[in-house]
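What follows is one structure encoded as structure tokens, with my remarks underneath.
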Amino acid sequence: MKDVFTGKLVRLSAVDPEEMSKAFTRWNRDSEYTRLLMMSAQPLSSAKAIQKWMEKEIEGVSPTNFFFTIRALDENKLLGGLGLNVISWAARESFIAIFIGEREYWGKGCGTDAMNIVLRYAFTELNLQRVSLGVFEYNPRAIRSYEKVGFQHEGRMRKYLNHEGKRWDLLYMGILREEWLQVQNGDKT
Amino acid sequence: MRDLFRGKLVRITAEEPETYAKSEIHWQRDSEFVRLADSDPIQLSSAKKIKEWAEKRFEKGLKPDRYSFTVRTLDEDKLIGFFGLRIDLMHNEALVGIGIGERDFWGKGYGTDMMKLCLQYVFSELCVERVSLGLHEYNARALRSYEKCGFRLEGRTRKDILREGKRYDSLWMGILREEWLQMQNGDPI
Amino acid sequence: MKDVFTGKLVRLSAFDPEEMSKAFTRWNLNSEYGRLLNSAAHRMQSAKAVAKWMEKEAEERSPASYFFSIRTLAEDKLIGEIGLDVVNWPGRDAFVGLGIGEPEYWSKGYGTDVMNVLLRFAFTEINLRRVTLTVFEYNPRAIRSYEKAGFRQEGHLRNYLNREGRRWNELYMGILREEWMELNNYAQNAVLYEASPIGDGG
Amino acid sequence: MFDIQTQLFEGQDIRFGPIDHEKDPGIESKWTHDSEFMRLMEVDPARPLSAAMLKKQYEKLEKEVEEDKNLYHFMIRSKADDRLIGKAAVQWIEWTNGNGFLRLGIGAAEDRGKGYGTQALQMLLRFAFAELNLFRVSAIVPEYNEGALALSKKFGFMQEVCRRRSLERDGRRWDLFVFGLLSDEWRNQL
């Protein structure tokens, strides 16, 4: 059986707080990246503070939170990460957040590949029923990537975000297990 | 703006706990120095204990009524002594304690320069109305130095120190703001 | 010598977190009181949480802030609180914050009286040189009372607050010790204590 | 007008970055041994600080940033070699009123007068207005701080408050000003 965590361009691996917190401090200084990822302005925290937060939040094996780093297949380079948060095991519903910190890997399919891996993990390993996500109106690249993987538009919160003196919508997307299976079996080209 | 922290021979510094502990160990071993500076019985503390004491001193942050500084020579940047201030915030008065731990810097004007620097700091930065200090009767060198800096003898507590089987007086001196201002003979403080 | 803490209508009394936290929670049910006093929106906190916060504040406080409760002389009723926070010791300048929590004691001179007592404490007991306060544009009653106590307007932060869909200025007022002394013709050389002749053994 | 892509934390010669707990305390400790820096930066009495004390201050600061959520703090670094040049912050933010207070300081004397202050204030204002969406910002400036007075006027700040004789230094009593800038006043200058 192929390794669940490996894709075509990237693979998912465990989070090492020390390595990841240093990468975070570098990525957080790119305000275009943080505005694509975060709702509101983030303080520039030090590597030490981020590592402390990660050790508390991520390292413990939590029954509902699944954090991974995204590494390039060829030279194992740390590109970003993702977090799958199971909102309710009863409803088998979850929320995904994905980020690629290394700018030169934007628009190369790494995000899409990582999303495919985590959806396979969510639907075949964790047997979840649904995965949802939020994306900002001014992030068309991410929207296209999520559409390619099979996410459907499910609504938008109008004028939710406020940047550069302008208000922007927050879009909601979601994918059901059967929809993902169809995309995988190539039914929906 | 004048540099408050630089005199003619010495400058005011804040030392790392380890550096301070190393010097303090060395100074404490000189019982003559301790008997001049202090009325408590001499005792020898370990570097570890002094370092902890130095670190703990700033646990609660900097208080507006407690100041402690170390002093280094301007020419070789050698750590030679310290001075501490206890401010009575209500009555706007400062009690000062000063000491040169390195004995080969005694009697060469370093003490007087240190005290002048301390008075300039206390009157022009902390804006107190008077400065007080106490010394033992047998510390003649300090008495002369303080008088040179403008302190006046204001009283003595008779026979309150017992050392080497003999009782000595403690002397109390003080300088008022106006007296210090006149001594600046007109150049702006 | 008259008691420093007593005025004509009120007196300053000890600030007891137990008692004050209960009073605070009751006074803050009146949102007008909260909006006159604070720029931040009010969070409905339990007396227990307020007491914990007060104790923590009291503990961390540097030797630079003084908090009192205010009690009427007539029935010794707790009607408010006042605080003095010295922001700069070398300059001897402090911020004062006054809150009369019981509305039936508003506009009856209690505020001005307690401010006078506080200023006397500030200028003659802890020897400050200046007292500063901020007050909101929509609180003319307090502005008049502070002016009566001798405060002068020293400018305002334009459109500082945002309430009821409108921007409001926050005024800064200040009083120097010499101005207070003159206003209350406080003889600088008034003898506070009869200097008892100290036997100098000579 | 700016857009999402324009970098908030990258200036011409400087950039904003987080605290480096290992290297920064030692450098700032040197700054605090220069009384002029301390007197320009703080209203409290100037006193030199050791790296150990600063390390504690940084930890307390980051805890405040995390818990109080009303403070954004940046280290100013040179773009060329990433060395520490100064500090900038937006503090005491009141989200309901949309206001906050600015703090800005260039550490070493030889780094002053090189335009770093201007670049840092430009970036700080854009962060305050375009990212935090504040309605106005304030700055507390002592009368004797000519550098800060000039910088405030250059950016169109208005002197709104004069706390008469609030400070005392070198035997003289100084006024303490509060300057203010509204978001539309900032936008109109662009």
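Just so you know, all these numbers are worked out from the coordinates, no wet-lab data involved. These numbers were taken from a predicted model, which means no experiment stands behind them. So basically every Cβ, Gly included, is an ideal-geometry build from the backbone, and we count neighbours across all protein chains shown.
Straight-line cross-link reach from residue C:8 at under 14 Å between alpha-carbon atoms covers these aspartates and glutamates, not counting any fewer than eight positions away in the same chain: C:75, C:76, C:113. Relative to the 2.2 N^0.38 Å rule of thumb, region A:10-186 has a C-alpha radius of gyration ratio of 1.02. Considering only alpha-carbon pairs that sit under 8 angstrom and 6 or more positions apart, the relative contact order computed for region B:10-183 is 17 percent.
Helical content alone sets the calculated 222 nm signal of chain C at -8500 deg cm²/dmol, taking -39,500 (n - 2.57) per DSSP H segment of four or more residues and averaging over every residue.
Listing B:44, D:104, B:181 from fewest to most neighbouring C-beta atoms within 10 Å gives B:44, B:181, D:104. When only alpha carbons are used to place a centre, region B:28-44 and region B:96-145 end up 17 Å from one another. The amide H of residue C:170, built 1.01 Å from its N in the peptide plane, has C:157, C:159, C:160, C:161 as neighbours under 5 Å, considering only residues 5 or more places off or on other chains. Remark: relative contact order (chain A) = 18 percent; criterion is Cα-Cα distance under 8 angstrom and separation of 6 or more residues. The H on the amide N of residue D:165, modeled in the peptide plane, is under 5 Å from the matching H of D:175, D:176, each at least 5 residues off or on a different chain.
Close amide-amide hydrogen proximity is noted between residue C:73 and C:10, C:11, each under 5 Å apart and 5 or more residues distant or on a separate chain (H modeled in the peptide plane; Pro and chain starts excluded). Principal axis analysis of the Cα atoms in the protein assembly as shown yields extents of 114, 70, 49 Å, listed in decreasing size. Whole-Hz Karplus values for region D:4-11 come out as 4, 6, 5, 6, 7, 9, 10, x Hz, taken residue by residue from phi with 6.51 cos²θ - 1.76 cosθ + 1.60 and θ = phi - 60°; glycine and proline positions read x.
Lysine pairs in region B:26-143 whose alpha-carbon atoms fall under 18 angstrom of each other, counting only those eight or more residues apart or on distinct chains, come to 4.
If you restrict to DSSP beta bridges whose two residues both lie in region B:10-183, what percentage is antiparallel, to the nearest 5? DSSP beta bridges in region B:10-183 are roughly 90 percent antiparallel. Using a Cα distance threshold of under 18 Å, what count of lysine pairs results for region D:14-189 when pairs must be 8 or more residues apart or interchain? Qualifying lysine pairs in region D:14-189: 19. For chain A, the 222 nm mean residue ellipticity estimated from helices alone, with every DSSP H stretch of n ≥ 4 adding -39500 (n - 2.57) and the total spread over all residues, rounds to -8500 deg cm²/dmol. Working note: Cα atoms of region B:10-183, range along each principal axis, descending, whole Å: 43, 42, 34. Taking the Cα centre of region A:35-142 as reference, the dipole from Cβ charges on Lys and Arg (+1) and Asp and Glu (-1) amounts to some 160 debye. Could you work out [θ]222 nm for chain D from helices alone, using -39500 (n - 2.57) per DSSP H run of at least four and dividing by all its residues? Round to the nearest 500 deg cm²/dmol. Taken over chain D, the calculation gives -9500 deg cm²/dmol. Each of A:64, C:53, A:160 was scored by the projection of its Cα onto the charge dipole of the protein assembly as shown, and the greatest displacement toward the positive side belongs to A:160; charges sit on the C-beta of Lys, Arg, Asp and Glu.
Note that region A:137-151 has calculated 3J(HN,Hα) couplings of 4, 8, 10, x, 4, 5, 4, 4, 4, 5, 4, 4, 7, x, 5 Hz, one per residue in order, obtained from phi through the Karplus relation 6.51 cos²θ - 1.76 cosθ + 1.60 (θ = phi - 60°); glycine and proline are x.
A protection proxy built from the mean count of other Cβ atoms within 10 Å ranks the segments B:20-28, A:74-82, most packed first, as B:20-28, A:74-82. Between the alpha-carbon centers of region D:120-180 and region A:124-165, tell me the distance in whole angstrom. Comparing the Cα centres of region D:120-180 and region A:124-165, I get a distance of 43 Å.
Note on chain A: with charges restricted to the Cβ of Lys and Arg (+1) and Asp and Glu (-1), its dipole about the Cα centre is near 440 debye. Put +1 on the Cβ of each Lys and Arg and -1 on the Cβ of each Asp and Glu in chain B; which of B:73, B:124, B:185 then has its Cα farthest toward the positive end of the dipole? Positive-end residue among those listed: B:73. Placing +1 on each Lys and Arg Cβ and -1 on each Asp and Glu Cβ, with no other charges, gives the protein assembly as shown a dipole about its Cα centre of roughly 560 debye.
From the square roots a ≥ b ≥ c of the eigenvalues of the alpha-carbon gyration tensor of region D:14-189, which class results: rounded (a/c under 1.5), prolate (a/b over b/c), or oblate? Rounded, because the longest to shortest axis ratio a/c is under 1.5. Each of A:4, A:118 has some number of other Cβ atoms within 10 Å of its Cβ, and from fewest to most they run A:4, A:118.
Simple rule: put +1 on each Lys or Arg Cβ and -1 on each Asp or Glu Cβ in region D:14-189, find the dipole, and look at D:84, D:31, D:155; the Cα lying farthest toward the positive end is D:155. Working note: Karplus 6.51/-1.76/1.60 with θ = phi - 60° gives region B:29-45 the couplings 6, 8, 5, 4, 4, 5, 5, 6, 7, 9, 9, 5, x, 5, 8, 10, 9 Hz, where Gly and Pro are set to x. Between region D:45-88 and region C:167-182, the C-alpha centres lie 34 angstrom from each other.
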